[in-house]
Structures are given as structure tokens and as C-alpha cells.
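All remarks here apply to the structure that follows.
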Amino acid sequence: MILFELIEYDILRVIWWALLGVLLIGFALTDGFDMGVGALLPFVAKTDVERRIAINTVGPVWEGNQVWFVLGGGAIFAAWPPLYAVSFSGLYLAMFVVLAALIVRPVAFKYRSKREDPKWRARWDWALFAGGAVPALLFGVAVGNVLLGLPFYLTEDLMPMYPGNAAMKFIGLLRPFALLAGLVSFSMLLMHGAAWLSLKSEGAVAERARAIGIKAGFVAAAGYALAGLWLAVGIDGFALGEVAANGPSNPLYSDVTRDGSWLAAYAIRPWIAIAPIAGFVGIAFAVMGLRAGREVSTLLWSKLGIFGIISSVGLTMFPFILPSTIDPNSSLTVWDASSSHQTLFIMLVATAIFMPLILMYTAWVYKVLWGKVTEADVTENSHSVY
């Protein structure tokens, strides 16, 4: 027996679908509070010292947190190449805007405090705001568009085709449901950033963060509930006919129809209801924790809320990864959009070796950097902190 045949192809596909979810959720749980702090910066910090306190709560960890984003992109490229090709073709301008914001952020971290000019620092503070707010919003818009389906089709040689020019493709993403999903994402990460500031800062910064985080939590919960209702009654889902789970990676071999509701998945797999329940419970307890001034538990509840909301999307759509509104048979699913059997197996072995190392290193970094950032930390180490 060839070694990679130890694990069935369909099982490997499901494993990599789950691992992709783990990487994307890991990015939201870690870099999510970095983006939240950036988006909160102009509103929770009124003086230069307060802004430096807020910045230095994430300054030592944001680079490591962003590794999850790189890993997620790499996993899409290597494990789901059709998904990489189709999504980047249709979301090119949106991805460019996100990457531009993420590129501006490290520059702002490095250059903000190089000069004491208030105008200089104010410009970089707004760059940090954009570096947090823009990705937080557009990632949600992207998820909303995935649930709606993208207007693409595949040619006979599996070339993805989108109608319209690049500008219209970007404008076409700004559909009402997608904007609602963006609002949920933005408010959810604001709450997460507030929970982090509550843990890592003190005084006025922490108090302002908690006040905003409470409001953001209510908006996230209300928006998530509205999105669920909208999915139930206002958006057609997709259904997959008979398919060979061990078949070739060619979406055109699948039989896909568009009817019913995405929420029909909860009748087929009732256990997945645990995801939205976790989303609502996590947000509710995070809001209560912010009100009560609790710190560690609030951040953990916020993480549970994010985990529940994001995982509910993947579990609701399974086995679909990226549906097509123009030609449903071009939709990408878990069973027809992966790399080869051997490639998935080799990647799984590498992941089993390196993922624990990444997790152990990350845990060690957070242990070393545990504790609050105080005004004294910033003023006494003015030339060695951000």
C-alpha cells in the first residue's frame, strides 16, 4: 500500500476543510483583537501617552498573530487551489484593499513614535485605525458574499470567469446582506479588541474600551440574529446532488441546484446548532464581563463568540466552499475543489509536526508578555516601545 492511502481521500478532504476553518478562526481570535484595538484607537485614547499604551498592548504580539493569516492563505493555495484561483479572481480589488491596510499597519507601528510631532503621530494613528477597521469590515463582507454566492462560472478547462470589469466586481460585492455581515464582523472584533484592552490596560483607556465594547457586543449579536433570519427567509441556498466523495477535483462533474434555504442544514445535521448557540452565548457573557470589569474570562468568552459565529458559516454551508450564482454546477465543494490525495497527505504530516510547535511558541510568548501596559511602562521606556 502506498503510504498516503492510509487515509481515505474523502476523509483527508474533510480534515483539510476543518483545518482551513481552524486557521481562519485562529487568525480571528488572535489578530482579531489587534484589528479591534486599531479600530478603537482614536476613541479610547485621548492623549499621546494613552495612545501609546493602547498600541503597546498589541505591539509585541501582532506580528506573531498575523502568522495565522499567512498560514490560512497558504492552506488555501496548497490544499484548495481552485478556491484560491476563483476567490482571488473575483475578490481581487477587495483583497488588494485588505492587503494595503495590513501593509500600512506595520509601517505605522514602526514609524509612529519616531518623531514627537503631534501631526505626524496623528496621521500614523489614523493609519493604525485603517489597518484595523478596513480588514475587520471587508473580511465580513467577503463572508457575506460567500453565503450569497459569487457571479462566476468555470470554462471547460476550469478557468474562472467573472462578468464585468474590475471596478464593477468590487462594487458588486457591496450587497446589503454582505454589508450586514461586514457590520457583524466589524462590531465583533471591536468587542474583542475592547476585551483585550480591558485585560492589558488600565484607567481611562480600559474604561472607554469597555464602554464601546458593550455597545459593539449588542450590535454584533443583533446583526448576527438578523443575518440568520435573512438567510432563513430571504436568500436561496444551494443543494448538492449525488457526488463521489473520492472523485476527481473537477467541480463541473457535480450536480448543484439552487433552492430551499441554507438553514436546511440544521434539519439534516442538528448538532451544528451548537455553533450559533456558542456565538450568542460567547457575546452575551463577554458583554456581561465588560460591564462587570472582569478581564481574563471576558476575553475567553469573546473568543468563544467569534469561534461560534465563524464556525457556524462553515458548518451551515458544508460541503460547499464557494457557490456560483451564474452557474451552480461551477460551485466549489469539499469533494471537488481540493489538491490531490498525495498532496493533502503530505501537507497533513507537515502540519502534524509544525502546528504543535507554533502553538507552543505562541503560548510561551503570551506567558512572557503577560501583564498590563501601564503609563509608567511607556514614559520610562519611551525610546524602546512603540
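Taken together, the values in this text are just the output of simple stated rules run on the coordinates, not laboratory data. As the structure is a prediction and not an experimental result, all values here were calculated from the model. Note that each Cβ is placed from the backbone with ideal geometry, even for glycine, and that neighbours are counted across all protein chains shown.
Can you tell me the order of 210-217, 369-376, 191-198 when each peptide is scored by its average per-residue count of other Cβ atoms within 10 angstrom, highest first?
Those peptides, ordered most packed to least, come out 191-198, 210-217, 369-376.
What nm distance separates the two modelled labels at Leu3 and Ala273, each placed 7 Å from Cα along Cα→Cβ?
Label-label distance for Leu3 and Ala273, simple model: 4.5 nm.
Given a cut-off of under 8 Å on Cα pairs at least six residues apart, what relative contact order in percent is computed for the range 3-380?
Averaging sequence separation for qualifying contacts and normalising by length gives 24 percent for the range 3-380.
Residue-wise, which Karplus ³J(HN,Hα) couplings in Hz belong to the range 346-363, taking 6.51 cos²θ - 1.76 cosθ + 1.60, θ = phi - 60°, and x for glycine or proline?
Computed from phi, the couplings for the range 346-363 are 4, 5, 5, 4, 4, 5, 5, 7, 8, 4, x, 5, 4, 5, 5, 5, 4, 4 Hz.
If the chain between Val368 and His383 were fully stretched, how many nm would it gain, using 0.36 nm times the residue separation less the Cα-Cα distance?
3.3 nm
State, to one decimal in nm, how far the label point of Glu63 lies from the label point of Ile353, with both points 7 Å from Cα in the Cβ direction.
Between Glu63 and Ile353, the label points sit 2.5 nm apart.
Calculated FRET efficiency, Ala222 and Gln342, Cβ-Cβ r, R0 51 Å, to nearest 0.05?
Rounded to the nearest 0.05, the efficiency is 0.60.
Say R0 is 22 Å: what FRET efficiency, to the nearest 0.05, do Arg291 and Arg123 get from their beta-carbon distance?
With a Förster radius of 22 Å, E is 0.05.
Just one of [x] 1.02; [y] 1.23; [z] 0.93 is Cα Rg over 2.2 N^0.38 Å calculated from these coordinates, so which is it?
[x]
If I model a spin label at Arg115 and Ala204 as a point 7 Å from the Cα along the Cα→Cβ vector, what separation in nanometres do I get?
Roughly 2.6 nm, to one decimal.
Per DSSP H run of n ≥ 4, the term is -39500 (n - 2.57); total these for the chain, divide by its residue number, and report the mean residue ellipticity at 222 nm rounded to 500 deg cm²/dmol.
-23500 deg cm²/dmol
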